[in-house]
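> Quick one: the structure is below, questions incoming.
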Amino acid sequence: MNYNKKSIEDIEVAGKRVLCRCDFNVPTKNGVITSDKRIVAAMPTIKYLVDHGARVILCSHMGKPKGEWKPELSLKVVAARISELLGKEVIMASDVAGEDSQAKAAALKDGDVMLLENTRYIKGETKNDPELSKALASLADVFVNDAFGTAHRAHSSTAGVADYLPAVCGYLVQKEVSIMGKALANPERPFVAILGGAKVSDKLNVINNLLEKVDTLIIGGGMAYTFLAAKGYSVGDSLLDESKIDYCKEMMAKAESKGVKLLLPIDTVVADSFPNPIDGPIETKTVPADAIPDGEQGLDIGEKTRALFADAVKNAKTVVWNGPMGVFENPTLAKGTIAMAQALADSDATTIVGGGDSAAACEQLGFADKITHISTGGGASLEFLEGLELPGIACLQDKE
């Protein structure tokens with residue numbers, strides 16, 4: 001995949017109607033936005049377009065209305081927040097590429113901003129329906145994709161519309177693609193990847209792809225226990241995907257043949273049951289990773305493992321991290337994930353955290369400003385690490 005894509009700065013936008021796909025899928029409670037992080041992240045692209053005289057037509061999905069008009073998932077609250085941040089009124093359309101959108105788009109003046117209603121109010125959006133793609137394209141002269149979080153989905157507003165309009169990326173997508181693209185295509189070495197999370201099956205292709213690229217692969221979280229079982233160790237009642245034991249053996253053999261260091265936990269924090277509620281009190285002890293007692297389950301990496309993993313990060317020049325080391329929602333079981341976040345924060349390497357739980361952990365723990373790049377897309381960043389082509393990126397024009 002070509003990671004060198006044209007951006008808003010590579011085209012003329014003055015006087016043009018620019019359809020800009022953003023990620024305004026923000027959490028709300030009782031009609032109030034509880035975190036406007038995604039809206040704030042889109043502002044540099046929106047401001048550039050406004051300052052350069054574009055007629056800006058914003059669009060996004062919110063939640064999963066599944067083709068129904070659900071008032072609680074209306075983007076009106078988003079329009080109000082963008083208006084505050086921009087210091088100018090954002091015109092709200094009452095439909096998605098329908099009569100109201102068409103009329104309002106036609107009446108835009110240079111520097112105006114309008115927002116379409118929730119794209120997923122239309123059933124065709126998630127099916128990448130060509131009719132919806134054409135209708136969206138008819139509103140504008142140019143398409144800008146600035147929604148990395150949905151770049152792995154081929155929907156009408158993320159990819160389909162690019163069949164009918166010249167398409168470039170906004171600043172958010174440009175940053176994601178250039179930083180993650182460089183890390184995977186031409187990393188500074190040593191290159192260390194850290195994978196966590198619950199299931200091996202979620203990361204099958206990621207493990208396989210990264211073994212072609214990294215110098216060290218660290219595996220923690222729930223998925224580590226299937227690897228430990230593949231080594232013949234007793235894992236007690238820990239999370240285990242028996243159907244993937246042979247796969248884990250293959251991956252360990254592949255690492256050996258490629259000269260890649262594959263690091264697994266050497267000790268683990270166990271309890272006799274999963275915490276309930278997830279952040280409730282829990283009694284734990286630490287045991288060697290090769291001898292987890294029956295009736296006990298591993299729920300975080302132990303102290304020796306934390307030191308081992310942190311040491312591998314210390315000497316790295318590029319680090320990619322995806323997935324927590326344990327049940328980090330519980331303070332007692334968060335130490336492994338905190339140790340990884342701390343190791344990345346202390347590192348001089350280019351550090352990339354791939355969305356989802358590991359990104360949330362870095363932000364909650366206050367390490368976000370010490371990480372080179374925290375991806376805005378969990379699923380998209382995973383598919384990036386798998387080496388897959390992302391439809392919302394592939395559809396953009398390549399730089400010469």
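> Do any GluC sites (Glu not before Pro) in the stretch 61-117 lie in a DSSP loop with no more than 13 other beta carbon atoms within 10 Å, and if so, which?
Numbers: sites: 68, 72, 84, 89, 99, 117; in loops: 68, 89, 117.
When the GluC sites (Glu not before Pro) of the stretch 61-117 are filtered for loop state and at most 13 Cβ neighbours within 10 Å, 68, 89 remain.
> Something else now. Set the Förster distance to 35 Å, then compute FRET efficiency between residue 208 and residue 28 from the Cβ-Cβ distance, nearest 0.05.
Details: r = 39 Å, r/R0 = 1.10.
For residue 208 and residue 28, the calculated efficiency is 0.35.
> In the chain, carbon and sulfur make up what percent of the accessible area (probe 1.4 Å)?
Details: 8010 of 16780 Å².
Of all accessible area on the chain, carbon and sulfur atoms account for 48 percent.
> Can you pull out the GluC sites (Glu not before Pro) in the stretch 155-217 whose DSSP state is coil and whose Cβ has at most 14 other Cβ atoms within 10 Å? Working shown, then result.
On the way: sites: 176, 188, 212; in loops: 188, 212.
Answer in residue order: 188, 212.
> Also, I was wondering about something else. Kindly state, to the nearest 0.05, the FRET efficiency for residue 94 paired with residue 272, given R0 = 35 Å and r defined as their beta-carbon distance.
Working: r = 56 Å, r/R0 = 1.60.
My answer for the efficiency is 0.05.
> Which one, 113, 128, 374, is farthest towards the positive end of the dipole of the chain when Lys and Arg carry +1 and Asp and Glu -1 on their Cβ?
113
> Just grab the label-to-label distance for residue 307 and residue 69, each label 7 Å out from Cα along the Cβ direction, in nm (one decimal).
Simple spin-label model gives 6.4 nm for this pair.
> Within 10 Å of each candidate Cβ there may be at most 13 other Cβ atoms; applying that plus a DSSP loop requirement, which trypsin sites (Lys or Arg not before Pro) in the stretch 292-400 survive? Working shown, then result.
On the way: sites: 304, 306, 314, 317, 335, 370, 399; in loops: 317, 399.
Qualifying residues, ordered by number: 399.
> Further, regarding this structure: As an exercise, use a Förster radius of 35 Å and the Cβ-Cβ distance of residue 234 and residue 346 to find the FRET efficiency, rounded to the nearest 0.05.
Values: r = 34 Å, r/R0 = 0.98.
Efficiency, from the Cβ-Cβ distance: 0.55.
> Between 11, 345, 316, whose Cα lies farthest towards the positive end of the dipole of the chain when Lys and Arg beta carbons carry +1 and Asp and Glu beta carbons carry -1, centred on the Cα centre?
Going by the Cα projections, it comes out as 11.
> Moving on to the next point. Relative to the longest principal axis of the chain, what angle (0 to 90°, nearest 10) does the C-alpha long axis of helix 335-346 take?
60 degrees
> Match the structure shown to one of the listed values (1) 70, 48, 37; (2) 63, 56, 34; (3) 103, 44, 38 of Cα extents along the principal axes in Å, computed from it, and give that label.
(1)
> Right, something else. Distance cut-off 23 Å, Cα to Cα: go down the list 64/109; 29/76; 254/285 and report the pairs above it. Walk me through the numbers on the way to the answer.
On the way: 64/109 32 Å; 29/76 14 Å; 254/285 33 Å.
Over 23 Å Cα-Cα: 64/109; 254/285.
> Accessible area per residue of the chain at 1.4 Å probe, in Å²? Working shown, then result.
On the way: 16780 Å² over 400 residues.
The answer is 42 Å² per residue.
> In degrees from 0 to 90, rounded to the nearest 10, what is the angle of the helix 171-185 Cα long axis to the longest principal axis of the chain?
40 degrees
> Right, another one. Helix 303-314 against the longest principal axis of the chain: what's the angle in degrees, Cα atoms only, rounded to the nearest 10?
50 degrees
> Then there's this: Rounded to the nearest 500, what is the 222 nm mean residue ellipticity of the chain from helices alone, with -39500 (n - 2.57) per DSSP H run of 4+ residues and division by all residues? Present the calculation step by step, with values, prior to reporting the outcome.
On the way: 13 runs with 130 residues, N = 400.
Helix contribution divided over all residues of the chain: -9500 deg cm²/dmol.
The values are calculated or read from the model by the stated rules, or taken from the named source; none is laboratory data. Because the structure is predicted, anything quoted here is derived from the model rather than measured. Here Cβ is always computed from backbone atoms with ideal geometry, including for glycine, and neighbour counts include all displayed protein chains. For accessibility, only protein heavy atoms count, side chains too; no ligands or nucleic acids. Shrake-Rupley method; radii C 1.70, N 1.55, O 1.52, S 1.80 Å.
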